[in-house]
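Trainee: Attaching a single structure in structure tokens format; questions to follow.
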Amino acid sequence: MKILKSILIVSLIIAGFSASAQLTGKQIVERAYSRPTGDDQTSNLTMILTNKSGSQRVRKIKQFKKDFGKVEKKIMFFLSPADVKNTSFMNWTYDSDKSDDQWIYLPALKKTKRISSDSKSDYFMGSDFTYDDLGDRKLEDDSHKLLREEKVNDKECYVVESVSKDADYMYSKTITWIRKDNFIGVKKEFYDEDEELFKILTIIKVEKISDFLIISNSEMKNIQKNHKTSMVLSNIQINSGVSASKFTERIMMRGL
């Protein structure tokens with residue numbers, strides 16, 4: 001009986017290792033992408049831009065997000081400072097192969113501009129995030145490979161390399177550290193066309209709100225320019241009933 005019990009224990013351990021090993025890089029990223037965050041979300045966003053000398057610019061933003069099933073829509077309104085006040089940005093991400101649609105409203109021009117695919121590599125409002133970074137990357141756009149498993153801040157993570165299938169994409173590859181317990185990406189490295197480290201996205205804080213895990217503090221650092229952008233969310237509300245009519249070009253121009 002002791003021998004049978006020992007065999008059973010060993011078998012269970014092996015089965016556990018096998019179950020873990022069966023996850024491919026693509027499956028890990030897919031779980032990270034499909035992590036539930038609620039049907040809608042409202043929050044205040046503080047964007048802090050810090051240059052290499054340590055000087056900071058702070059921007060206050062109100063943002064909304066809503067999942068319509070086949071499309072997820074996000075909109076943000078700049079509240080301050082004066083030079084960016086009343087600027088707005090909207091992103092629609094589709095549950096299909098269709099690329100994100102993005103628009104920006106510039107009050108000085110008094111018109112809404114659609115972001116073309118050629119402009120997706122441009123930096124958003126002087127930050128270290130490109131327009132492409134603000135959208136949602138499609139799972140099938142990249143080839144995903146599990147490199148290894150290692151700890152980040154004492155949390156076990158999968159380390160996955162993603163290489164774009166488009167040779168002209170702005171990043172030659174990205175490497176993401178994804179927690180094994182909740183599939184939240186806690187760190188992401190971006191490499192330029194010469195495969196040199198370009199930027200690092202670090203997740204600083206995750207909060208549990210209405211039973212959902214929400215990233216509330218993150219930082220994108222441009223290694224090559226020694227410049228960083230912090231994104232800090234506050235007053236986060238989940239499933240508060242954001243109106244579907246909130247996500248239009250007319251609302252972008254009208255503002256809050």
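The values are calculated or read from the model by the stated rules, or taken from the named source; none is laboratory data. The structure presented is a predicted model; accordingly, all values stated were derived computationally and were not measured. A quick note on method: Cβ atoms are made from the backbone with ideal geometry, for glycine too, and the neighbour counts reach across all protein chains shown.
Trainee: Anything in segment 41-73 that is small (Gly, Ala, Ser) and assigned to a loop (DSSP other than H, G, I, E, B)? List them, or say none.
Mentor: SER53, GLY54, SER55, GLY69
Trainee: On to the next question. Please list, ordered by residue number, the strands (runs of 3 or more DSSP E) wholly in segment 150-202 having 2 or more residues that are within 18 Å of THR229 (Cβ to Cβ) and not small (Gly, Ala, Ser).
Mentor: Those strands (runs of 3 or more DSSP E) span 185-191.
Trainee: Say whether the condition of being of a type outside the set (A, V, I, L, M, F, W, C), farther than 23 Å from GLN41 by Cα and surrounded by fewer than 17 Cβ atoms within 10 Å (Cβ to Cβ) is met by at least one residue in segment 230-250. Spell out how you get there, then give the answer.
Mentor: Residues of segment 230-250 that are of a type outside the set (A, V, I, L, M, F, W, C), as a first pass: 230, 234-235, 237, 239-241, 243, 245-246, 248-250.
Still in the running and farther than 23 Å from GLN41 by Cα: none.
Within segment 230-250 (the criterion being of a type outside the set (A, V, I, L, M, F, W, C), farther than 23 Å from GLN41 by Cα and surrounded by fewer than 17 Cβ atoms within 10 Å (Cβ to Cβ)), the answer is no, since none of the residues qualifies.
Trainee: Oh, and also: Among the residues of segment 48-61, write down those that are surrounded by 12 or more Cβ atoms within 10 Å (Cβ to Cβ) and either acidic (Asp, Glu) or without any contact (Cβ under 8 Å) to a residue 60 or more places away in the chain (or both). Step through it out loud before you land on a result.
Mentor: So in segment 48-61, the residues surrounded by 12 or more Cβ atoms within 10 Å (Cβ to Cβ) come out as 48-51, 57-61.
Result: VAL58, LYS60, ILE61.
Trainee: Taking into account only those residues within segment 74-122 that are outside any strand (DSSP E or B), at pLDDT 95 or above and aliphatic (A, V, I, L, M), which is nearest to ARG137 (Cα to Cα)?
Mentor: Top of the filtered list is ILE115.
Trainee: Count, please, the residues in segment 92-136 that happen to be acidic (Asp, Glu) and closer than 13 Å to MET76 by Cβ.
Mentor: Here is the first cut: in segment 92-136, the ones acidic (Asp, Glu) are 95, 97, 100-101, 118, 122, 128, 132-133, 136.
Applying the additional criterion that residues be closer than 13 Å to MET76 by Cβ yields none.
Total satisfying the criteria: 0.
Trainee: Is there a residue in segment 62-76 that is touching a residue at least 40 places away in the same chain (Cβ under 8 Å), crowded, with 17+ Cβ neighbours inside 10 Å and more than 24 Å from GLU219 (Cβ to Cβ)?
Mentor: The answer is yes; a qualifying residue exists.
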